[in-house]
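Enquirer: Let me begin by handing over the structure; questions about it come next.
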There are 2 protein chains.
Amino acid sequence: EESISTVAPKKTPLSSWHESKSKQAILDFVSVVTDSNHQDFVPIEDRIAVFDNDGTLWVEKPYYTQLKFALDRIKATSKEHPEWKKDPIVQAVLKDDLQAILKEGEKGLMKVVMYSHAGMTTEEFDQQVSSWLDTARHPKTQKKYTEMVYQPMIELIHYLQENQFKVYICSGGGIDFIRPWAYKVYNISKENVIGSSLKMAYEITPEGLVISRLPEINSINDKEIKPVNIQLHIGQKPIAAFGNSDGDLAMLSWTASGKNHSLMAFVHHTDSIREWQYDRDSHVGTFTKGLDSARSKGWTLIDMQRDWKVIYPYQKK
Amino acid sequence: EESISTVAPKKTPLSSWHESKSKQAILDFVSVVTDSNHQDFVPIEDRIAVFDNDGTLWVEKPYYTQLKFALDRIKATSKEHPEWKKDPIVQAVLKDDLQAILKEGEKGLMKVVMYSHAGMTTEEFDQQVSSWLDTARHPKTQKKYTEMVYQPMIELIHYLQENQFKVYICSGGGIDFIRPWAYKVYNISKENVIGSSLKMAYEITPEGLVISRLPEINSINDKEIKPVNIQLHIGQKPIAAFGNSDGDLAMLSWTASGKNHSLMAFVHHTDSIREWQYDRDSHVGTFTKGLDSARSKGWTLIDMQRDWKVIYPYQKK
Ligand SMILES: [Ca+2]
Ligand SMILES: [Ca+2]
C-alpha cells in the first residue's frame with residue numbers, strides 16, 4: 001500500500017512565468033542536464049548556476065540600492081566624523097546633490113564607498129545593512145528593498161535548487177552587503193555569494209577578536225573580474241548564467257565556453273509600466289554589447305514585459 | 001509493514017578511532033549541536049567546519065607535497081625556459097640542492113612557486129597537478145600522495161557531512177593545487193576549498209577564453225589570513241576547526257570566539273613509528289603557541305599514536 005506522504009505533489013515550476021520561449025528554454029535545459037540517459041546530462045557535482053544581482057534578481061532603478069545605503073550611512077554618521085566636513089563629496093551627500101557626487105566620477109564614488117563601508121568590523125557592517133534594510137523604502141513603491149525582488153527569478157533559483165544545482169550570486173555589489181539577507185530572500189547561503197569586497201584584517205582587540213573592514217578595495221566584481229572570482233570561489237565553470245547588462249557579458253561568455261551543455265540568459269528590462277524600460281542608453285545597467293551578443297549567439301532574452309505574470313512577490317495573487 | 005530498505009543500517013562513526021577522549025569530544029559535540037532539543041543546538045545553516053590540509057588531512061613530512069610538485073615541475077620544464085638558467089634557484093633545483101633553495105629564504109621559495117605555478121591557464125595547471133599526482137610517489141612509503149591521507153580524519157569529514165555540516169578545507173597550500181583531487185579523496189567539492197592563491201586574469205585568446213595564472217601572489221592563506229579568507233569565502237564563523245600547527249591558531253581562535261557551541265582540535269603528530277613525531281622544534285608544521293593554547297584552553301588534542309587505529313586508508317583491514 002502506497003502512503004500519500006511518500007508521493008510529494010509535483011509542484012508546477014516557474015508559475016509566475018507565462019508560457020514563452022524563455023520559460024521553455026529553461027525547462028528544456030533543466031530537463032536535459034538532469035536526465036542521466038541524455039547525452040547532455042551533467043552530474044550533480046557540476047551543476048553550477050550563477051546569477052547577477054542588481055537588475056537580475058532585484059530592482060536597480062532609479063539607482064543602485066547599495067548607493068542609497070551608502071548615502072544614508074554617510075548622513076547618519078557624518079556628525080561623528082568632523083574630519084569629513086571639508087570633503088566636497090560629503091557636503092554633496094548632505095545636500096542630496098547626486099549630480100555633484102557623480103561629477104567627481106569614480107574617485108567620488110570610491111570615497112562614498114569608503115566612508116560608508118570601511119572602518120568597522122564585519123559584524124558591525126552586517127548589523128548596519130540589516131537595520132537599514134528594515135527601515136529604508138524604495139522611492140517609487142514605498143516597499144522595502146528586499147520586497148523589490150523579481151518573483152519569477154526567485155522561482156527560477158528554487159527550481160534550479162530542486163534540480164540539485166548549486167546556485168550562486170555573482171554581483172558587482174558588495175559581497176557583505178548581500179549576505180545578510182540572501183538566504184531569507186533568495187534561499188542562497190552566505191558562502192554562495194560572490195561580490196565586490198574590501199581588504200580585511202584579523203585583529204585582537206580588548207573587546208575580543210574581530211575582522212575589520214579596511215578602506216582599500218580587494219576586488220571589484222564586474223566584467224572580466226566575474227569569471228576570475230568564479231574561479232577563485234567556485235573553482236569551475238558554471239553551466240548556467242543569468243545577468244542583465246554588459247557587466248555580465250564575460251560571465252556568460254565564460255559559461256558558454258564550457259564543455260557541458262549550458263544556458264546563458266539576460267533579463268531584458270522591457271516593462272515601462274510595471275518596472276522600467278532600459279537597455280542601450282541607460283547609465284545604470286547599460287545593455288549594449290550584451291544585447292548584441294545574446295542576439296547573435298542565440299542566448300535567451302528574458303522579456304520582463306511579455307514573459308512575467310508578476311514582477312514582485314507582493315503582486316502574487 | 002516496514003520495508004528493510006527504508007531503515008538504513010546505522011554506520012558506526014569514526015571506526016578507525018580508538019575509544020578515547022578525542023573521539024568522545026567529537027561525538028559529544030556533534031550530538032549536542034544536532035539535537036534540536038538541546039540548548040546548544042546549531043541550525044544546519046550554521047554548521048560550518050574547517051580543516052587545514054598539510055599535516056591535518058595528509059602527510060607533510062619529509063617536506064610539503066606541493067614543494068615537491070614545484071621542484072618536479074621546474075625540472076620538467078626548465079628546458080623550455082633557457083632564461084631561467086642564470087637563476088641560482090633554478091640551478092639549485094636542478095641539482096636537488098634543497099639547502100641552497102632554503103638558504104634564499106622566502107624570496108627563493110617564492111621564485112620556486114612562480115616558476116612552477118604561474119604562466120599557464122587554470123585548466124593547464126589543473127591538468128599538471130592531476131598528472132603529477134598520478135605518477136609521483138612519497139619517498140618513504142612509495143605510495144601516491146593521495147594515499148598518504150589520514151583515514152581517521154576522512155571518517156571525521158564524512159561523519160560531519162552526514163550530520164549536515166558544510167565541510168571546508170582552509171589550507172596554506174594552493175587552492176588550485178588541492179581542488180583537482182579533494183572531491184575524490186575527501187568528498188570535499190572544489191567550491192569548499194580555501195587556500196593560497198595567485199592573481200588571475202580573464203583573457204580572450206585565439207584558442208578561446210582562458211583564465212591565466214599570473215606571477216603575483218593574491219593571498220597566502222596562513223595564520224591571521226585564514227580567518228580573513230574564511231570571511232571572504234564563507235561569510236560566517238565556523239563552529240568546528242581542525243589544524244595541526246601554529247599556522248592554524250588564528251583559525252581555531254576565531255572559531256572559538258563565536259556565539260555557537262564550538263569544537264577546536266589539533267592533530268598532534270606523536271607517532272614516530274607509523275608517521276612522524278614532531279611539534280615545537282619542527283620547521284615544517286611548527287606547533288608551539290598552538291600546543292600551549294590547546295592545553296590552556298582545553299581544546300582537543302588528537303594524539304595520532306594513541307587515538308588512531310590506522311593512519312592511512314591502505315592500512316585498513
Ligand atoms: Ca546587473
Ligand atoms: Ca598544517
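Bear in mind these aren't lab numbers, they're just calculated from the coordinates by the rules spelled out. Only a predicted model underlies this, so the values are computations on that prediction, with no experimental measurement involved. Neighbour counts are summed over all protein chains in view; Cβ atoms, including those assigned to glycine, are modelled from backbone coordinates with ideal geometry.
Enquirer: Quick one: check the C-alpha center-to-center distance for region B:207-265 versus region A:294-317, whole angstrom.
Expert: Measuring centre to centre over Cα atoms gives 39 Å.
Enquirer: Can you compute log10 of I(q)/I(0) for region B:224-317 with the Debye formula, treating each Cα as one identical point scatterer, at q = 0.16 Å⁻¹?
Expert: Values returned for q = 0.16 Å⁻¹ are -0.71.
Enquirer: Another one. Please compute, for peptide A:233-241, the average count of beta-carbon atoms on other protein chains lying within 10 Å of each residue's beta-carbon.
Expert: 4
Enquirer: Express the relative contact order of region A:65-120 as a whole percentage, based on alpha carbon pairs under 8 Å and six or more residues apart in sequence. Spell out each step's value before the answer.
Expert: Details: 35 pairs, mean separation 21.4, N = 56.
Across region A:65-120, relative contact order equals 38 percent.
Enquirer: So what's the angle, to the nearest 10 degrees on a 0 to 90 scale, between helix A:21-33 and the longest Cα principal axis of chain A?
Expert: 70
Enquirer: For A:K86, which lysines qualify as cross-link partners when the Cα separation must be under 28 Å and same-chain residues fewer than eight apart are set aside?
Expert: Output for A:K86: A:K68, A:K75, A:K95, A:K103, A:K107, A:K111, A:K199.
Enquirer: Separate question: For chain B, what relative contact order do you get, as a whole percent, if you take Cα pairs closer than 8 Å and at least 6 residues apart?
Expert: Working: 503 pairs, mean separation 70.7, N = 317.
The normalised contact order for chain B reaches 22 percent.
Enquirer: Once you put a point 7 Å from the Cα of A:E106 and another 7 Å from the Cα of A:T286, both along the Cβ direction, what distance in nm separates them?
Expert: Rounded to a tenth, the inter-label distance reads 1.2 nm.
Enquirer: Please compute the average number of Cβ atoms from other chains found within 10 Å of each residue's Cβ in peptide B:117-127.
Expert: Per-residue shielding by partner chains comes out at 1.
Enquirer: May I ask you to report, in nm to one decimal and beginning with the shortest, the distances from A:E216 to the same position in the other copies, taking label points 7 Å along Cα-to-Cβ?
Expert: Ordered by increasing distance: 1.4 nm.
Enquirer: Let me have the 222 nm mean residue ellipticity of the protein assembly as shown computed from DSSP H runs of 4+ only, each contributing -39500 (n - 2.57), with the sum over all residues rounded to the nearest 500.
Expert: -11000 deg cm²/dmol
Enquirer: Kindly give Rg over Rh for region A:65-120, based on alpha-carbon atoms, with the Kirkwood expression for the hydrodynamic radius.
Expert: Here the Rg-to-Rh quotient is 0.91.
Enquirer: Out of region B:189-255, which GluC sites (Glu not before Pro) are coil in DSSP terms and have no more than 12 other C-beta atoms within 10 Å?
Expert: Filter output for region B:189-255: B:E207.
Enquirer: Any idea what the B:K107 label distances to the other copies are, label 7 Å down the Cα→Cβ vector, nm, shortest first?
Expert: 3.6
Enquirer: Quick one: which residues, 5 or more positions from A:I302 or on another chain, have an amide H under 5 Å from its amide H? H modelled 1.01 Å from N in the peptide plane, none for Pro or chain starts.
Expert: Answer set, sorted by chain and number: A:F266, A:V267, A:H268.
Enquirer: Calculate the FRET efficiency for A:S31 and A:R137 from the Cβ-Cβ distance with a Förster distance of 51 Å, rounded to the nearest 0.05. Please list the in-between numbers first.
Expert: Working: r = 40 Å, r/R0 = 0.79.
About 0.80, to the nearest 0.05.
Enquirer: Then there is this: Could you give each residue of region A:95-109 its phi-based ³J(HN,Hα) in whole Hz, using Karplus coefficients 6.51, -1.76, 1.60 with θ = phi - 60°, and x for Gly or Pro?
Expert: 8, 6, 9, 4, 4, 5, 5, 5, 4, 6, x, 4, 4, x, 5
Enquirer: Please find, among residues of chain B, the one with the beta carbon closest to the rotation axis relating it to chain A, distance in whole Å.
Expert: Closest to the axis: B:H233, 3.
Enquirer: Taking chain B as the reference, fit the longest principal axis to its C-alpha atoms, fit the long axis of helix B:65-77 to the helix C-alpha atoms, and give the angle between the two in degrees, 0 to 90, nearest 10.
Expert: 20
Enquirer: Now, a different point. Under the convention of a label 7 Å out along Cα→Cβ, give the distances in nm from A:S15 to the same position in every other copy, shortest first.
Expert: 4.5
Enquirer: Follow-up question, since we're still on this one. Counting residues in chain B as N, plug N into 2.2 N^0.38 Å and put the Cα Rg over that result.
Expert: Values: Rg = 20.7 Å, N = 317, 2.2 N^0.38 = 19.6 Å.
Scaled against compact globular proteins, the figure is 1.05.
Enquirer: Label points 7 Å out from Cα along the Cβ direction at A:E19 and A:E123: separation in nm?
Expert: In this crude spin-label approximation the distance works out to 5.5 nm.
Enquirer: Just for the Cα atoms in the protein assembly as shown, what are the lengths along the principal axes, largest first, rounded to whole Å?
Expert: Ordered largest first, the protein assembly as shown gives principal extents of 76, 74, 55 Å.
Enquirer: Provide the per-residue ³J(HN,Hα) series for region A:295-302, in order, calculated from phi with Karplus coefficients 6.51, -1.76, 1.60 and θ = phi - 60°, each as a whole number of Hz, with x at glycine and proline positions.
Expert: 5, 6, 9, x, 6, 6, 10, 7
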